[in-house]
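Participant: Here it is, the structure, as C-alpha cells.
The values are calculated or read from the model by the stated rules, or taken from the named source; none is laboratory data. All figures in this text were calculated on a predicted structure; none of them were measured in a lab. Neighbour counts run over all protein chains shown; Cβ positions are idealised from the backbone, glycine included.
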Amino acid sequence: MSKKIKVGMLGIGNVGRGTYQALEMNRSLIAEKTGLDIEIVKILNRSPEKDRGIEIPKEKYTADVQEIIANPEIDIVAELIGGIEPATTYMAEALANGKHVVTANKAAIAANGEKLAALAQENKVLLRFEAAVAGGIPILSSLTGPLLSNEFTQVHGILNGTTNYILTQMSMYGKSYEDVLKDAQEKGFAEADPTADVEGLDAANKLSILISLIFGTAALPEDIPTRGITTVSNVDIQYAEDAGYKIKLLGSAERVGDKVYGNVEPVLLPCEHPLASVNNEFNAVFVNGNAVDELMFYGRGAGPLPTGSAVLGDIIDMAGKTEKGSAFDIVPKLRYDSDLKFAGEGSSKYYVRMAVPEKSGILGKITTIFGEHDISIEVIRQEAAYELDGEQVVSLIVILFRTEKSNLMKALDKIEKSDAIHSVENIMRVE
Ligand code: HSE
C-alpha cells in the first residue's frame with residue numbers, strides 16, 4: 001500500500017498550477033515508482049473566484065495561511081507565492097512548525113536562505129529550492145549531489161528565459177527590443193511588468209544562490225554588479241555577429257585565488273561556445289569542475305510544467321526521506337563560510353561602441369589613450385558616417401584585450417573629456 005504524503009500549497013499562480021497539473025498527470029506513475037501517494041490537500045488562494053484554467057475541488061482552497069502552515073495533517077509546505085515577503089515569514093513559520101518546505105522562490109532564498117536553512121536545521125526538517133534556479137533544470141541537486149567531488153572554478157548561466165527570448169528574436173529576425181518585448185508579453189513569456197527580468201535582477205538572485213552553493217561564499221543580489229538587456233541594440237548584435245560573437249545575458253562567477261568575481265551582464269560570447277546556441281526561452285548552466293571538466297545543463301528555465309517538475313522532484317525526494325525515517329539532511333547546502341571573498345567585477349575583455357566625430361586624427365587620439373592605460377586593442381572597426389545630435393559621426397567599435405573594468409572606465413573618461421568622441425554608446429564584456 002502506498003504511503004500518503006500530504007502537501008499544502010501556498011499560491012496557485014503559474015508555478016502552483018504547473019505543480020498541481022504535473023502531479024495530476026503523473027500521480028499514479030509516481031506512486032508506482034516510489035510507493036508514495038502524494039496529494040495536494042490544501043491551497044492558499046485568496047481569489048478562489050478567479051479562473052486558473054485548471055479544475056481544482058473548491059474545498060481544497062483556503063484563504064487562511066495558518067490552515068496550511070500550522071495544520072498537523074500536512075507533511076510538506078510548497079511555497080509558490082514568490083516575492084521576499086510574506087513568503088519568507090510563511091516558510092519560517094512552517095519550518096518552526098516542523099513542516100518540510102519546498103519553494104521556487106529565488107528572491108526569498110537569495111535574501112534569506114541562510115536564515116531559513118538554519119531554521120530547517122534547528123527543527124530537523126528539510127528545505128528544498130531546486131525550482132528557484134533555472135526552472136526545470138536539476139542544477140542545484142546535481143552540483144550538491146553527483147558533482148560534489150569537484151572543485152569549481154567558474155559558472156556561467158543563461159538564467160532568464162524572458163531576456164534570452166528577446167535577444168534571440170532580435171538576433172534572428174532583426175526585430176527591435178520594444179517589438180519583441182511586446183510580442184513576448186502578448187504570448188505570455190514576459191511579465192506585464194518585465195523590470196526584474198530585463199534589468200537582470202531575476203538572474204542576479206539565481207546567480208547569488210549558485211555562488212553560495214559552488215563557492216561557499218555570500219554574494220547578495222544587491223552586491224552583484226548587474227546590468228540588464230535594455231541597452232543592447234540591434235546595431236550591437238550585428239557588429240558582435242560580424243566579429244563571430246552572440247550577445248547573451250549571462251550570470252557569471254569565477255574564482256581567482258581567494259576571490260570570487262561575478263556579475264550579470266549582456267556579454268559577447270564566441271559563436272562556438274556551447275551557451276551561444278541556447279536560444280529563445282531556454283536556460284542553460286555551464287560549469288567547469290576540476291574532475292568532471294566542462295558540463296552544460298540545458299532546459300526550460302520557466303513555465304508552469306517545467307518548474308512544477310522541479311517542485312515535485314523536491315517533494316518526492318523529501319517524502320522518500322521522511323518515509324525512511326531520515327527526515328533531515330542539508331542538501332543542497334547554502335554556504336557562506338569559505339575563505340573566499342566575493343569581490344564584484346573582475347577583469348575581462350571588453351567590447352566598446354563609440355560615436356566619434358568624422359574628422360582627422362581621432363583614431364590616433366583614442367588609441368593613444370587606450371595605450372596610456374595599458375589597454376591593448378584586439379579588433380577595431382569603423383563604420384560609415386551618420387548624423388547624431390546634428391553632428392556627423394562614425395561608429396567606432398573596438399574589442400579590447402583583458403583589463404580591469406575600473407581601468408577601462410578611467411580610459412573612457414579621459415577619451416570623453418577629449419574632443420575625440422561624441423559619446424560612448426555601449427560597453428559589454430567579451431567572454
Ligand atoms: N521570469 C523568469 C524568466 C522565470 O523569464 O526566466 C522565473 O524565474
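Participant: State which residue is nearest to Lys4 (Cα to Cα) when the search covers only region 29-45 and only residues that are part of a strand (DSSP E or B), more than 29 Å from the chain's Cα centre (by Cα) and β-branched (Val, Ile, Thr).
Facilitator: By that ranking, first place goes to Ile38.
Participant: Which numbered condition in (1) farther than 11 Å from Asn279 by Cα; (2) over 19 Å from the mean Cα position of the chain (by Cα) is the only one that Gly157 fails?
Facilitator: Result: Gly157 passes all but (2).
Participant: Do the conditions hold for Gly216, that is, is it touching a Ser or Thr at 6+ places or on another chain (Cβ under 8 Å) and either within 16 Å of the ligand (Cβ to nearest atom) or not assigned by TED's automatic domain parsing to the domain that holds Pro266 (or both)?
Facilitator: Working: touching a Ser or Thr at 6+ places or on another chain (Cβ under 8 Å): yes; either within 16 Å of the ligand (Cβ to nearest atom) or not assigned by TED's automatic domain parsing to the domain that holds Pro266 (or both): no.
No: the conditions fail for Gly216.
Participant: Gly188 versus (1) under 14 Å from the mean Cα position of the chain (by Cα); (2) small (Gly, Ala, Ser); (3) under 15 Å from Glu281 (Cα atoms): which is the lone unmet condition?
Facilitator: So the condition that Gly188 fails would be (1).
Participant: Pick from Leu250, Leu269: which is of a type in the set (A, V, I, L, M, F, W, C), modelled with pLDDT of 95 or more, within 16 Å of the ligand (Cβ to nearest atom) and within 24 Å of Lys405 (Cβ to Cβ)?
Facilitator: Numbers: Leu269 fails: within 16 Å of the ligand (Cβ to nearest atom).
Residue meeting the stated conditions: Leu250.
Participant: Conditions first: (1) part of a helix (DSSP H, G or I); (2) modelled with pLDDT of 95 or more; (3) in contact with a helix residue (DSSP H, G or I) (Cβ under 8 Å, 6 or more places away or on another chain); (4) within 16 Å of the ligand (Cβ to nearest atom). Glu93 passes all but one, so which condition is the exception?
Facilitator: All conditions are met except number (4).
Participant: Would you mention how many residues in region 162-194 are touching a helix residue (DSSP H, G or I) at 6+ places or on another chain (Cβ under 8 Å) and within 15 Å of the ligand (Cβ to nearest atom)?
Facilitator: The qualifying residues number 15.
Participant: Under 9 Å by Cβ, and 6 or more places apart or on different chains, what pairs join a residue from region 195-219 that is of a type in the set (Lys, Arg) with one that is at pLDDT below 95 and within 10 Å of the ligand (Cβ to nearest atom)?
Facilitator: Every condition considered, the pairs that remain are Lys206/Gly301.
Participant: Which members of region 294-309 meet the condition of being among the small types (Gly, Ala, Ser) and within 11 Å of the ligand (Cβ to nearest atom)?
Facilitator: Those that are among the small types (Gly, Ala, Ser) and within 11 Å of the ligand (Cβ to nearest atom): Gly301, Ala302, Gly303.
Participant: Still on this structure, I have one more. Given (1) touching a strand residue (DSSP E or B) at 6+ places or on another chain (Cβ under 9 Å); (2) crowded, with 23+ Cβ neighbours inside 10 Å; (3) not charged (D, E, K, R), where does Ala110 come up short, assuming only one miss?
Facilitator: (1)
Participant: Still on this structure, I have one more. Within region 127-161, which residues are crowded, with 24+ Cβ neighbours inside 10 Å, of a type in the set (A, V, I, L, M) and more than 20 Å from Leu201 (Cα to Cα)?
Facilitator: Hit for region 127-161 is Leu127, nothing else.
Participant: Within 16 Å of the ligand (Cβ to nearest atom), in contact (Cβ under 8 Å) with a residue 60 or more places away in the chain and among the aromatic types (Phe, Trp, Tyr), is that true of Phe129?
Facilitator: Values: within 16 Å of the ligand (Cβ to nearest atom): yes; in contact (Cβ under 8 Å) with a residue 60 or more places away in the chain: yes; among the aromatic types (Phe, Trp, Tyr): yes.
Yes, satisfied.
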